[in-house]
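Handing you a structure now.
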Amino acid sequence: MPPEETSDDSLSVERANEVFYEALSHLSHEEMDRVWSHGNEVRCIHPGWDVLIGWSAVREAWRSIFASSPGLAVAATEVEVNVFGDLAWVLCMERILNADEGSESVSFARATNLFARTPEGWKMILHHASPVPNHAGVVASDQVH
């Protein structure tokens with residue numbers, strides 16, 4: 001039986017999840033390198049993409065996304081943290097603000113983020129996001145700032 005979840009574990013996983021969204025919003029390769037595990041067990045499914053397998057494929061996808069995203073801000077809301085031994089998952093709603101050449105758009109995705117406990121702390125091993133086309137409470141893009 002795995003060890004019981006502690007509040008310290010939950011807080012550490014929640015912080016690891018926040019660091020992931022900060023890295024994403026900063027379009028930072030270096031921050032992403034620190035958030036993710038670098039093994040072949042890593043998986044990532046971006047909205048509308050097939051599964052990416054292994055850290056090399058995931059890293060290259062982030063590089064491509066960052067290169068084509070001049071302005072991006074992603075915030076996690078409705079965050080739910082679950083810890084079970086050395087694995088933890090976070091379920092959340094992503095609020096994605098894209099800014100490009102003077103225009104802004106907002107979209108939403110449901111995400112599942114899986115973390116593994118390592119000697120270096122909690123590392124992401126899975127990110128899976130699915131678009132939510134008509135999220136309740138959506139603010140018109142011209143009202144988002």
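The values are calculated or read from the model by the stated rules, or taken from the named source; none is laboratory data. Since we're looking at a predicted model, the values are computed, not measured. Here Cβ is always computed from backbone atoms with ideal geometry, including for glycine, and neighbour counts include all displayed protein chains.
Of all residues in the range 31-48, how many are touching a residue at least 40 places away in the same chain (Cβ under 8 Å) and acidic (Asp, Glu)?
Result for the range 31-48: 1.
On to the next question. Among the candidates Ser7, Ser28, Ser56, single out the residue that is closer than 25 Å to Asn98 by Cβ and without any contact (Cβ under 8 Å) to a residue 40 or more places away in the chain.
Exactly one of Ser7, Ser28, Ser56 is closer than 25 Å to Asn98 by Cβ and without any contact (Cβ under 8 Å) to a residue 40 or more places away in the chain, namely Ser28.
When only residues in the range 43-59 that are over 28 Å from Pro133 (Cβ atoms) and either not hydrophobic (A, V, I, L, M, F, W, C) or not in a helix (DSSP H, G or I) (or both) count, which is nearest to the chain's Cα centre (by Cα)?
Arg59
Please identify the pairs in which a residue from the range 118-134 that is more than 13 Å from Phe20 (Cα to Cα) has its Cβ atom under 7 Å from the Cβ atom of a residue that is among the acidic types (Asp, Glu), counting only partners at least 6 apart or on another chain.
Ala129/Glu94
Still on this structure: Quick one: in the range 89-107, of everything that is farther than 30 Å from Asp8 by Cα and surrounded by 14 or more Cβ atoms within 10 Å (Cβ to Cβ), which residue is modelled with the lowest pLDDT?
Ala99
Could you check how many residues of the range 45-73 are among the aliphatic types (A, V, I, L, M) and at pLDDT 95 or above?
So the answer is 7.
Moving on to the next point. Would you check if Val81 is in contact with a strand residue (DSSP E or B) (Cβ under 6 Å, 6 or more places away or on another chain), surrounded by 13 or more Cβ atoms within 10 Å (Cβ to Cβ), farther than 30 Å from Asn134 by Cβ and of a type in the set (Val, Ile, Thr)?
no
Taking the range 115-137, which residues are part of a strand (DSSP E or B), among the hydrophobic types (A, V, I, L, M, F, W, C) and within 16 Å of Thr77 (Cβ to Cβ)?
Hit for the range 115-137 is Ala129, nothing else.
So, one more: If Thr112 meets every condition in (1) of a type in the set (Ser, Thr, Tyr); (2) surrounded by 12 or more Cβ atoms within 10 Å (Cβ to Cβ); (3) part of a helix (DSSP H, G or I) apart from one, which number is that one?
That leaves (3) as the condition not met.
Identify the single condition in (1) free of Cβ contacts under 8 Å to residues at least 24 places away in the same chain; (2) surrounded by fewer than 18 Cβ atoms within 10 Å (Cβ to Cβ); (3) under 15 Å from Leu114 (Cα atoms); (4) touching a strand residue (DSSP E or B) at 6+ places or on another chain (Cβ under 8 Å) that Asp86 does not satisfy, given that it satisfies every other one.
In the conditions (1) free of Cβ contacts under 8 Å to residues at least 24 places away in the same chain; (2) surrounded by fewer than 18 Cβ atoms within 10 Å (Cβ to Cβ); (3) under 15 Å from Leu114 (Cα atoms); (4) touching a strand residue (DSSP E or B) at 6+ places or on another chain (Cβ under 8 Å), Asp86 misses (1) alone.
Would you confirm, using the coordinates I've provided, whether Ser69 is surrounded by fewer than 17 Cβ atoms within 10 Å (Cβ to Cβ), part of a helix (DSSP H, G or I) and of a type in the set (Gly, Ala, Ser)?
no
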